[in-house]
Amino acid sequence: LEHLPSPSKALEKAYALLKEGGQLIIIVPDFSGIEFRLFKEYCYGLQVPNHLNHFTPSTIRKYCEKYGFKVEKIIHHKFDRDFVASAQYMRDDGLNKWLAPVLSNKLFRKTILKAVVILLSYLGMTSRMTVWVKKDG
């Protein structure tokens, strides 16, 4: 949905194509995730100009409900890549040159960063989410 010029049209069409009780699984960046707040314009999830739209749990819920879907659950991913890639973007721009090597360090990444990201995902704070919606009639 973040790549489409009209997420509304896509959701409307998906709703029309699904049978009653049918499910749709949507994976999108969460613009309210901690990576966006920490890295701002360097956040990997922005991916401008590829991402035309940005969502939060609240906005994706409103979009889906507007087109008749019932949101069953939203989970946040446990990917550490967004932290690492965002830090690399900063480094490439001449900022925070120490952060990318620390986050990219295999031992740090597989222990400390992974544990932090798992905790953040359970708290609903990471920058990628999967949304399960159902067509209710």
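The values are calculated or read from the model by the stated rules, or taken from the named source; none is laboratory data. Remember, predicted model here, so these are calculated numbers, not experimental data. Here Cβ is always computed from backbone atoms with ideal geometry, including for glycine, and neighbour counts include all displayed protein chains. Heads up: the accessible areas ignore ligands, DNA and RNA and are worked out on the full protein's heavy atoms, side chains in. Shrake-Rupley method; radii C 1.70, N 1.55, O 1.52, S 1.80 Å.
Provide, in order from the shortest bin, the percent of all Cα-Cα pairs of the chain in each 5 Å bin, continuing until the bin that contains the maximum pair distance. Whole-percent P(r) values from 0 Å outward: 2, 11, 18, 19, 16, 13, 9, 6, 4, 2, 0.
What part of the accessible area of the chain, given as a whole %, is carbon or sulfur when the probe is 1.4 angstrom? Looking at the chain in its full context, I get 59 percent from C and S. Distance from the alpha carbon centroid of the range 41-58 to that of the range 61-84 works out to 13 angstrom. Between helix 57-66 and the chain there is an angle of about 20 degrees, using the helix long axis and the longest principal axis of the Cα atoms. For the chain, a simple Cβ point-charge model (Lys and Arg +1, Asp and Glu -1, everything else neutral) yields a dipole of about 320 debye relative to the Cα centre. Highest-first packing order for the peptide set 67-73, 86-92, 126-132 is 126-132, 86-92, 67-73, based on the mean count of other beta carbon atoms within 10 Å.
Simple rule: put +1 on each Lys or Arg Cβ and -1 on each Asp or Glu Cβ in the range 37-119, find the dipole, and look at Val48, Leu119, Trp98; the Cα lying farthest toward the positive end is Leu119. In terms of its alpha-carbon gyration tensor, the range 1-78 comes out prolate; a/c meets the 1.5 threshold, and the first ratio a/b outweighs b/c.
Of all lysines in the structure, the ones whose alpha carbon falls short of 25 Å from that of Lys70, not counting any fewer than 8 places away in one chain, are Lys9, Lys13, Lys19, Lys62, Lys78, Lys134, Lys135.
With contributions of -39500 (n - 2.57) from each DSSP H run of at least four residues, the per-residue ellipticity at 222 nm computed over the chain stands at -11000 deg cm²/dmol. In the chain, the DSSP beta bridges split such that about 95 percent are antiparallel, to the nearest 5.
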